[in-house]
Structure formats: structure tokens, C-alpha cells
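S.K.: Before I ask anything, let me first share the structure, which is written out below as C-alpha cells.
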Amino acid sequence: MTVVRRLAWELWLPALLIALWAIFSATSTDPYFPPLSEILDKFADVWFFEGIRTEIWPSLQRLFVGFGLACVVGIGLGLALGVMTRVDNAVRPIVEFLRATPGVAILPVMILLLGLGDSMKIAIIALVGTWPILLNTIDGVRSVEPVLHQVTASYRITLADRIRFVILPSASPQIFAGARTALAISIVAMVVAEMVGTPGGIGYYILDAQRGFKITSMWAGIIVLGILGYLLNKLFALVERRVLAWHAGMTAHNRGGK
């Protein structure tokens, strides 16, 4: 399937829903559900291009830093706990307790410790994004074929080389699966943190528009957030395909062999 056909198949339903929204809202007089044409006019006025600099870019900076920290901590700890089974068994109750605690519940603590600035927002994003990556990394390390461990032990390969050349490549599909989930959760955490933090960012813009009864601006901000989430997901999928191209080729080869 060509790229154009695949993209058309992916976008036909959203395009249909947008068309229905435009048709049924064209004559709306409800102040809370304005016509789509008014929302799009506000969208163009606000977000091209001043809003990109003042709202979107600060949000993206926080998201990239927080998500990057989540990847570093989640993968690092996941590799360590996946290799050291006894340590994982000892700390697993603590990990499960912290994982089950919603990030929103920890938000007041973060505000007390870090204030309302960027440090608090980045910390919340990193915290909620760490758990899917951590747990998927542990499972990925544990799912490495035992034969590979036996071979590396027979050849007396060092632990560092085993992690680099055997464990990490074998666990990478699950690591990316956890990172994809973490990215979606991190976007939600970014919006929540910005709504209670200092001015600046998409989350603050949406909440401020709602408080000021600027409903058209609020809807425009929500649309921007949806578009941003979609584009980030597509970018992540592109990186994943590039990094895991060897895995996709191996899977296709195995299916062909069967």
C-alpha cells in the first residue's frame, strides 16, 4: 500500500467527522458550542504564528525534557532491575505502589517542593512517563531467550556487552511500546501541570480561555492540542520504524519461513 493510500485510509473518518461537525454547527447559537467556522477563524488568528512561539514551543520544551528524563530513568532502572531479579523482587512493592498513585495526586507535593514553575511541570511529566517505560523494560529484559544467556555465559561475555549487544536489542520492541504509552500519558501530564502552574503553555491557555468565557479560543486550543498529540505520535512511530527496522525484517522473514 502506497503512502498516499495509507494516509487517505487513516484520515477519511476524521475528515468525515469534521465535515459533519461543520454542517451541524453552522447555525448554532449556543455560546458553549459555536460554529466550527468561528473556531477555525480563531484557530488561524491565534495559532499562526504567534501562538506557536508563546504557547506551543514552551509546552514542547517541557514535554521533550520530561519525556527524555522518563526514558533515561525508565530504561536505566528497567535494565538494572530486569538483570538483578532479587533486587527487583525486593523493590517491586514500592514500584507498584508508586505506579498506582496517580500523578495528579502527587501534584500538590510537587508544588510544595518545586513551586509552580517549569521544574514542577517537567518533574510531573517525567514521573508519570517513567512507569510504562520502566515496567516494559523489565518485562523485555526478562523475555530474552534463555539460550542467548547461555551462549553469552559460555563465551564469558561481560555484563556490559551482554546488555549492549543482547539484552537491549531483544528488549527494544517492548521498550518502545512502553515509551509510546508514556508519550501519550506525558502529554496529559503536561496539560494538567500547565493548568495549575505559572502562565504559559497550551494547558494554561485552554484553562484561561475557559475562565474568561472565551469559548471559541478554548475550542481552538483543544484542537491544537489534539493535532499536536497526533503529530507527536506519528513522529514517534517514524522513529520507532527506523530504529526497529531490523526487528520488522526479522518478523517478516520468520513469517515467510513458516
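S.K.: Please give the length that would be gained between A177 and R99 if that part of the chain were fully extended, namely 0.36 nm times their separation in residues minus their C-alpha to C-alpha distance (nm, one decimal).
M.R.: 26.4 nm
S.K.: Something else about it: Considering only protein heavy atoms, what is the solvent-accessible area of E55 at a probe of 1.4 Å, reported in Å² to the nearest 10?
M.R.: Surface open to solvent at E55 totals about 40 Å².
S.K.: Straight-line reach from K42: which aspartates and glutamates have Cα under 20 Å away, leaving out those fewer than 8 places along the same chain?
M.R.: D30, E50, E55, D208
S.K.: Sticking with this one: Decide, for the chain, between rounded, prolate and oblate: order the square roots of the alpha carbon gyration tensor eigenvalues as a ≥ b ≥ c, take rounded if a/c falls under 1.5, and otherwise choose prolate if a/b is larger than b/c, else oblate. Show your work: numbers first, answer last.
M.R.: Working: a/c = 3.03, a/b = 1.58, b/c = 1.91.
In terms of gyration-tensor shape, oblate.
S.K.: Longest exposed-loop-site-free stretch of the chain, with chymotrypsin sites (Phe, Trp or Tyr not before Pro), DSSP loop and at most 16 other Cβ within 10 Å? The partial results should precede the final answer.
M.R.: Numbers: sites that count: Y32, F48, F49, Y155, F213.
My reading of the result: 50-154 is the longest stretch.
S.K.: What does the C-alpha gyration tensor say about the overall shape of segment 161-229? Classify as rounded when a/c is under 1.5, otherwise prolate if a/b is larger than b/c, or oblate.
M.R.: Here segment 161-229 falls in the prolate category.
S.K.: What list of ³J(HN,Hα) couplings, whole Hz, do you get for segment 5-18 from phi and the Karplus terms 6.51, -1.76, 1.60, once you set θ to phi - 60° and write x for glycine and proline?
M.R.: 5, 5, 5, 5, 5, 6, 9, 5, 5, x, 5, 5, 5, 5
S.K.: Rg/Rh for segment 1-106: what does it come to with C-alpha atoms and Rh from Kirkwood?
M.R.: Computed over Cα atoms, the ratio is 1.19.
S.K.: So, one more: Which residues in segment 156-195 place their backbone N less than 16 Å from a point set 7 Å from the Cα of W246 along the Cα-to-Cβ direction?
M.R.: Answer for segment 156-195: 161-176.
S.K.: Rounded if a/c is under 1.5, else prolate if a/b is larger than b/c, else oblate: which is segment 55-102, with a ≥ b ≥ c the root eigenvalues of its Cα gyration tensor?
M.R.: On the way: a/c = 7.00, a/b = 2.12, b/c = 3.30.
Oblate.
S.K.: What number, in percent, do you get for the relative contact order of segment 1-159 if the mean sequence gap of Cα pairs under 8 Å and at least 6 apart is divided by its residue count?
M.R.: Value for segment 1-159: 27 percent.
The values are calculated or read from the model by the stated rules, or taken from the named source; none is laboratory data. All of these numbers come straight from a predicted model, not from anything done at the bench. Heads up, the Cβs are rebuilt from the backbone with ideal geometry, glycines too, and the neighbour counts pull from every protein chain shown. Side chains included, ligands, DNA and RNA excluded: accessible areas come from the protein's heavy atoms. Shrake-Rupley method; radii C 1.70, N 1.55, O 1.52, S 1.80 Å.
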